[in-house]
Structure formats: structure tokens, C-alpha cells
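The values are calculated or read from the model by the stated rules, or taken from the named source; none is laboratory data. These figures come from a predicted structure and were not determined experimentally. Heads up, the Cβs are rebuilt from the backbone with ideal geometry, glycines too, and the neighbour counts pull from every protein chain shown.
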Amino acid sequence: MNRIRKYALSALAVLFALVVFVVPFIFIILMAMKDKQQASLINFSWPTHFQFFANLIEVVQARDYMLLTAYVNSTILTVGSVSLLVIFSAMVGFVLQRRVAWWTPWVDFFILAGLMIPPAVVPTIWLLQSIHLFKTLHGMVLIEVAYNLSFAVILYRNFIATIPRELDEAAIIDGARPLSLFFRVILPLLRPVTVTIIVVQSVAVFNDFVNPLYYLPGKENATVQLTLYNFQSQFVTQYNLLFMNILLITVPPLIIFLFFNRQIVAGMSAGAIKG
Amino acid sequence: MTAITAQPTRTGNGSTGRRPRKGAHYPGWFIMPAAVVYAILFLVPTFASLYFSLTRWTLFSSEFIGLDNFYQFFREPFLSQALINTVIFAAVTSGLKVILGLLLGVLLTSRIAWRGMLRSIVFFPVLVSTVGVGITFTALMHPTHGAINEALALVGIKGPGWLTNRYLALYSVALVDVWRGVGLATVIYMAGIVSIPTDYYEASRIDGATRLQQFFHITLPLVRPAMYTVIILSFIGGLRLFDLIWAMTRGGPGFSSDVMASVVYKQYQAGYYGLSTAGNVVLFILIALLAVPLSWFLNRRVTTR
């Protein structure tokens, strides 16, 4: 009796989850397979003319292979900013956790400010222009680093608190200088949280739409999120291509999710709770 | 500060001479790379915004006009509407995420079949492109052809124009934001629920407590830290949201679903840089007034150092 009830409840929950959370993704896939006429109806239906690969090719070729350019740009942006973020924030987290100095309260305050304050858009553009970083990929990399520092520092600081100080002291007695103490002893020990940060921040930067929209305008600079504009215009929207594009830019997060499911969930919840 | 400190070979372990010793091994300049990037690209624009919000500004020249931009925000109906919408949107989305996330969190930590798969399904939308989600739901919410209204028609309900009705558009977008973000709330709750000692549940079961009593008297009080986190995260996120609204309604119909972040973008596009920056400052003040007192609850829990 109890088991029947348990399975009925489970079945109900699964059914609900399927309808609410899976149907939208099925819709994306179905739309991506349709031809132009049927897709323009934007209803939930089985494709009559199956043309998945024709759509795929057309999306990739659209506007001088803009999607490929965007993929290259997004990859550079993601790899560049996440690498800097990991090094910079691990260093801050390390020193911040290990010692109390006159600047400690300030740093704590700025970490909180970084989490809460919305970036001032136009002044940032003004500043980027004056140091010649506006519309450049490396400027964008630094922006992503600046905006995501707080979250990464909090994660590192909390993790470093679990590493015993005796380890530092042993290394120091063996004559390790600060740089080798950090890079040779501490950083390797931070691997679990580093993997988490890499995964979570990669997805965040890859999915970022707002910041490239403001700070990286221009066709040759497009990142993958901005390619969604390609098939939407004031007058006509090619829905089959639009949804194929959505499908294509959803693939990288999906792959990361399949491999790093546990790290992502752990990182997002741990960082949030302890912060 | 670090260069002049004593030689690190003097490894006394008492509290005397604590600071120079630490300064040598944990040098302050370690924070410099991060601090420089953060200060230049985040702090300088933030402080500059306080000045530029008081000006009529073209990026090349700025004319000081006092608080005119701010007056405009409260005088122009479409701007003050955005202010109200922002608060409504943040309150609705964070409220729903707090409740639905808790229910899902309890469900997905209970002994339910296919638990792992369900967790993945609920969480995956968090990782998907927000603009992609917005476009997808705009299609699903189409008044005549959209799947939602077609499904409602099957059971004889005439669905509303989710995004074309100006009283409904903001709430429709809020629902989509909940769909997208509830997975994050759920995993935060799950982490909180898992950390509750099982002894409590066993003891209460021996005393004859029902599942409902266990929920209200054990789970709910002990999951409170996770709940505060969900409230603050989703509230701030709701106040700052831009991409979903931009992808779904662009603030329309009319200005009925405009929020502060979309106003900032629209004024920027229109070339009113001073007004746009004032919008940023208003949003900043809004967050400071609403979210900081809220987060005070959470920050009583001090991090270990």
C-alpha cells in the first residue's frame, strides 16, 4: 500500500517535471527541424518537412559564418576571463583568509558591494573608451573578471578555511617564499573548488548577454548570445533558424552539465549559503 | 607594507610580532591584481555614475543640471512605472522561488523514485541561455498559436494574451523567470535540508509526529539560513534583471513591463546618457534600501577566518 502510494507520487512528480521543464526543450528541437512556413506558425506540432541539417547549415553560414566567429569570440572570452578570475581570486581568497590587516574590512565590504551593486553602464563605456578598451575582446575579458570576482573570492576564502595552517607553516619552515607557498602548496590543494569555479563561471560568461551587448558591440565582435539577433528583425523572423541557433548555443552548457553536474550544483549552493 | 617586514625565518608561534610575520608569508600585494581590475572597471564607473547622473551628458561633454534627471524619473509616468514594476517583479519572482523551491527541495530530498533525474531536469534551465529561454517562451505564450493557450483550449479555457495584455505581461515574464531560476533555489534548499541531522526526524517519529508536523516543526525552522539566501539572491537578481525582459517584451506593450534595467538600456540607446546613468543610480539606491536590510539577516552568520 505504502509502496504503491510512493510510486504514484513519484510518477506524478516526474510527469509534472516532464511537462513543465522538458516540453520547452522539446519545442526548441521540434522548431529547429521545421521548414520556414511551418515554423512561422510557431505552434507545437510535429515537423512535416524534416530539414534539421538544412537548417543547421543555413544557421552556420548566415551572415558570413557569424556563428563561427561568435563561437571563437565566446571561447576566447570565456577561457581568458575564467583563467584570470581563478588566479586573481584564489590569491585574494588566500591572503584574506590567512591574515587580518587594516584593509580586511574594506575588502569584505567591496566583495559585498560587488555582489549587490549593478554596474554603472554608461560610465563604464566612457571609461573603456578613454583607456581604449571599448569594443575590444580583452577589455571584455577584464570586465567579466571584475564583475565575477566577488563570487569567486567568497568560494575560495571559504574553501581555504578548511586547509590547515600547519601546512603553510611546514612549507615556510622548509624555506618556501610567499609565491611558491601559494602556487606550489596551496593552489594544488584548491583543485575541487577551482573545478567548481571554472565550470560555474564558464557557463555564466558564455551565457552572458547584457555585458557584451553594452561593451562589445559590432558584428565582428559578436558573442554567441548576440547571434540570436541574426534571425529576428522588425518585420520578419525566421523561426526555424532562430530555434536552431538557440539549440546550437545550448549545446556547450549541456555538455558541461553532463560532465560536471555535481560540481555545478555543489558550487552554486555552497557559494550561496556560506557567502 | 610588505617589503619592510622582518625576515620569515623567525618562526615564533606566539602572538608577539604576529602582524609582520603574517605580512611576510601572506603578502598584501596578493590582492593587487584583483584589486586593480576591480577598482578601475567597477569602482571608478560606480563613483563616476554618482556625478554623471547629475548631468546632461554626451560622453564628450557634460553639463551639470543638478537633480533634474532624478526629478524626471518620478515625474514621467513611464519612468516611475518602471520603478514600481522593478519592485513588483523582484517581489513576485523571489516569493515564488522561495515557496516553490522549498517544496521542490523537500520533494527531491525525500525518498522518491528517479530522484537524480528529476534533480537534473529541474536544475538544467539555470544553465541555459536566458535569451534563448525568453524567445522560446515568447513563442509558447503566443496568444493564438502558442502551446500554452492551445493546451488550455483543449480543456475549454480561452487563454489570455500572456505577453500582449498590458496588465499581464510583467507577470508572465516573472513566471518564466521563476521557471528558469527555481532550480537554483531548489539546490540551495536541498543543501540546507541535507545538513539537518536525521536524529531529529527519527526522534520525532518515535514521538508520533506526522510528516506534516515534521515539515513545520523541524524542516522549516532549520532550513531558515538556506531560505534567507534564496530570498536575497532571487530578490537582488529580480531587481537587476534585464535579459529576460528584453528578450520577451522589450518593456512592452507600451511601457507596461519596463523595469529599471530596461529603462537604462533604452535611454542609453536613445543617447540620454545622463538619464540612463541616473537610472543606474536609482537602481543602486533601490537595492541598497531594500536588499541590504534583508541581507542583514544572513550576514549575522560570520564566515570563519
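The table that follows gives values for the structure above.
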| read-out | value |
| --- | --- |
| Entirely in the range A:1-93, the helices (runs of 4 or more DSSP H) that have 2 or more residues that are loosely packed, with under 13 Cβ neighbours inside 10 Å | A:2-17 |
| Filter result (under 24 Å from the mean Cα position of the chain (by Cα) and of a type outside the set (Ser, Thr, Tyr)) within the range B:36-68 | B:37, B:39, B:41, B:42, B:43, B:44, B:45, B:47, B:50 |
| One residue from B:226, B:261 being surrounded by 15 or more Cβ atoms within 10 Å (Cβ to Cβ), within 11 Å of another protein chain (Cβ to nearest Cβ) and modelled with pLDDT of 90 or more | B:261 |
| Subset tally (residues that are within 12 Å of chain B (Cβ to nearest Cβ) and more than 15 Å from residue A:151 (Cβ to Cβ)) for the range A:188-210 | 3 |
| From B:75, B:56, B:115, residue being farther than 21 Å from residue B:262 by Cα, modelled with pLDDT under 90 and of a type in the set (Lys, Arg) | B:115 |
| Failed criterion for residue B:28 (all others in (1) closer than 30 Å to residue B:227 by Cα; (2) at the interface with chain A (Cβ under 7 Å from one of its Cβ atoms); (3) at pLDDT below 85; (4) out of contact with any Leu (no Cβ under 9 Å at 6 or more places or on another chain) hold) | (1) |
| Subset of the range B:185-203 [part of a helix (DSSP H, G or I), within 15 Å of residue B:214 (Cα to Cα) and of a type in the set (A, V, I, L, M)] | B:193, B:194, B:203 |
| Single unsatisfied condition, residue B:168 versus (1) closer than 28 Å to residue B:231 by Cα; (2) touching a helix residue (DSSP H, G or I) at 6+ places or on another chain (Cβ under 8 Å) | (2) |
| Qualifying residues in the range B:118-145 (those that are part of a loop (DSSP other than H, G, I, E, B) and free of Cβ contacts under 8 Å to residues at least 24 places away in the same chain) - the one surrounded by the most Cβ atoms within 10 Å (Cβ to Cβ) | B:129 |
| Looking only at the range A:144-173, and only at residues there that are under 18 Å from residue A:83 (Cα atoms) and among the polar types (S, T, N, Q), the one that is farthest from the other protein chains (Cβ to nearest Cβ) | A:148 |
| Given (1) touching a residue at least 40 places away in the same chain (Cβ under 8 Å); (2) buried (at least 21 other Cβ atoms within 10 Å of the Cβ); (3) at the interface with another protein chain (Cβ under 9 Å from one of its Cβ atoms); (4) under 21 Å from residue B:45 (Cα atoms), index of the condition residue A:141 fails | (3) |
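The rows are residues; the columns are (1) of a type outside the set (Ser, Thr, Tyr); (2) at the interface with chain A (Cβ under 10 Å from one of its Cβ atoms); (3) in contact with a helix residue (DSSP H, G or I) (Cβ under 8 Å, 6 or more places away or on another chain).
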site	(1), (2), (3)
B:177	yes, no, yes
B:193	yes, no, yes
B:206	yes, no, no
B:231	yes, no, yes
B:253	yes, no, yes
B:268	no, yes, yes
B:277	no, yes, yes
B:280	yes, yes, yes
